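Undergrad: Here you go, one structure.
The values are calculated or read from the model by the stated rules, or taken from the named source; none is laboratory data. Quantities reported herein were computed from a predicted structural model and do not represent experimental measurements. Don't worry about glycine lacking a Cβ; one is built from the backbone with ideal geometry, like all the others, and counts go over all protein chains shown.
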Amino acid sequence: MTTTITTNQTPRRGRGEGSIYEDASKGCWVGEISLGFSASGRRLRRKVYGASKREVQHALRKAQKEAEAGVTVADAVRKWMASPGVRKLAPKTRDKFRTLADNHLLPQIGKAKLRDLTADDVEEWLEGRASVLARRTSRCGPSSSNTEIPTGSQPSRK
């Protein structure tokens, strides 16, 4: 003899699909999605709000697709330019970096996904810009011979 227990619960959402709940105090539906972890180890979450559950479901799908699309070189450069370390630099140095980024880096490789960028891609870009950029400027830029592109993994100890 088997007994069936029925409940009024909705089916569980799949892993990585986020969560959706009704916030009675605000009178709306809320959706949350995990976007990974920050460098300090804190979970990055994004919230979306909507008048209906379906509206929040669509907004969560859109947020998930944006997160999966990845960060572009342009996004990373803009974030870096706004970082405290760059803001502490002399105004002329900041202006030089902004000019180099706006005129040389972003038009050429700004749309590339950072996760897909390799040291060879950067070397190829630098070689292509060698006739336009001063020798000192091209030496200051990232190069596989003097700078590693961070990949998120720990460097090997020698």
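Undergrad: Quick one: in region 1-23, which of the residues that are at pLDDT below 70 and among the aliphatic types (A, V, I, L, M) is farthest from A67 (Cα to Cα)?
TA: M1
Undergrad: Right, here's the next one. Among the residues of region 57-65, is any in a strand (DSSP E or B), outside the structural domain of V122 (by TED's automatic domain parsing), surrounded by 13 or more Cβ atoms within 10 Å (Cβ to Cβ) and at pLDDT 90 or above? Spell out how you get there, then give the answer.
TA: From region 57-65, those in a strand (DSSP E or B) are none; that's our starting set.
No, region 57-65 contains no residue that is in a strand (DSSP E or B), outside the structural domain of V122 (by TED's automatic domain parsing), surrounded by 13 or more Cβ atoms within 10 Å (Cβ to Cβ) and at pLDDT 90 or above.
Undergrad: Moving on. Take region 66-91 and flag every residue that is among the β-branched types (V, I, T) and either farther than 30 Å from W29 by Cα or surrounded by 15 or more Cβ atoms within 10 Å (Cβ to Cβ) (or both). Don't jump to the end; show me each part of the working.
TA: Taking region 66-91 and keeping what is among the β-branched types (V, I, T), we get 71-73, 77, 86.
Selection gives T72, V73, V77, V86.
Undergrad: Next question, about the same structure. Give just the number: which of (1) at pLDDT 85 or above; (2) more than 23 Å from the chain's Cα centre (by Cα) does E127 not satisfy?
TA: Of (1) at pLDDT 85 or above; (2) more than 23 Å from the chain's Cα centre (by Cα), only one is false for E127: (1).
Undergrad: OK, next. For region 24-56, give me each residue that is surrounded by fewer than 11 Cβ atoms within 10 Å (Cβ to Cβ), modelled with pLDDT under 90 and in contact with a strand residue (DSSP E or B) (Cβ under 7 Å, 6 or more places away or on another chain).
TA: Result: G36, F37, S38, R43.
Undergrad: In region 81-101, how many are basic (K, R) and touching a Lys or Arg at 6+ places or on another chain (Cβ under 9 Å)? Give the steps one after another, and end with the answer.
TA: In the first step, residues of region 81-101 are kept if they are basic (K, R); the result is 87-88, 92, 94, 96, 98.
Add one more test, that the residue is touching a Lys or Arg at 6+ places or on another chain (Cβ under 9 Å), and what stays is 87, 94.
Residues that pass the stated criteria total 2.
Undergrad: Now, a different point. How about region 109-121: which of its residues are part of a helix (DSSP H, G or I) and under 16 Å from V71 (Cα atoms)? Spell out how you get there, then give the answer.
TA: Initially, region 109-121 is screened for residues part of a helix (DSSP H, G or I), giving 109, 114-116, 119-121.
Answer for region 109-121, where residues must be part of a helix (DSSP H, G or I) and under 16 Å from V71 (Cα atoms): I109, L114, R115, D116.
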